[in-house]
Each structure stands twice: as C-alpha cells, then as structure tokens.
Amino acid sequence: MTEGAKQTLHACPICGLQQTVGVVPGGARVHCVRCDHLLFQNMAGEANRRVFSFSLTALLLLIPANLYPILEVTSFGNTRSYTALSGARALWEGNMWPLAIPVGLLSESLPSCWRGK
C-alpha cells in the first residue's frame, strides 16, 4: 500500500470486526478477514449503465403511455377515451393556447423527470 492512499474503516455487519480498507480498484470486492462476508464492492462505471438503462426504459414506456387512454367516460351509452395529451389538445382547440402549452409540456416532461423515493 502506498503512503498517499486513502484508507477507510469498515465494520463487518456479521462479526463486528473493524478493518481498514485501502483504495479498491474497479470491479474488486473486499471481504471480511474473519468471516469472509462481503464488505464493499467497487462498481466503477455501474452508475452510468444503470442511469442509461432506466432512461431508455422510461423513454420506451412513455410511448404506450401516451397512445393508450388513461380515462374512459361513458355517458348515456357514448364512450369517450382520453389520453395524457387530449386535455392540452382540447385547450388548444378552444383558443386557450397560453394554458395549453404548459399543460402539454407538463404532461410530457413532468412524468419523465419525476423520481421515486
């Protein structure tokens, strides 16, 4: 171990042994010396891969979410289906374009920017 290397203290959740761990190279795993439990794994580059896969999945699911109706209203035997953008379209056709623009943008951009906790 070099002198300038950063060392951190990790405690094993199984046996309680505290041990110092130096810099872990990408893809390497650190195990407990006493019980061989996995303490730490350096997942270098894994975050970018996960962000890309979740973004691609959200983009693919946004297409059927906008094509299929989210609401169907039946009144006196007449059934009308509404999609996410039909409200913005109705506002635009009713000459309420200052309100139709934010409704249309938010019905598309807000679901794609939302993050679950």
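What's the ranking of 69-75, 102-108 by average number of surrounding C-beta atoms within 10 Å, highest first?
Result, highest mean first: 102-108, 69-75.
Note down the net charge around residue 67, summing +1 for each Lys or Arg and -1 for each Asp or Glu among other residues with Cβ under 15 Å from its Cβ.
Residues near residue 67 contribute -1 overall.
Explain nothing, just the number: relative contact order of the chain, from Cα pairs under 8 Å at least 6 residues apart, as a whole percent.
12
How big is the convex hull of the Cα atoms of the chain, per residue, in Å³?
Hull volume normalised by residue count: 198 Å³.
Summing +1 for each Lys or Arg and -1 for each Asp or Glu, what net charge is found among the other residues whose Cβ lies under 14 Å from the Cβ of residue 15?
0
Below 8 Å between Cα atoms, with a sequence gap of 6+, how large is the relative contact order for segment 62-111 in percent?
25 percent.
Rule-based calculations on the coordinates, nothing more; no lab input. It should be emphasised that the depicted structure is a prediction, and the values quoted were computed from it without experimental measurement. Cβ atoms come from the backbone with ideal geometry, glycine included; neighbour counts cover every protein chain shown.
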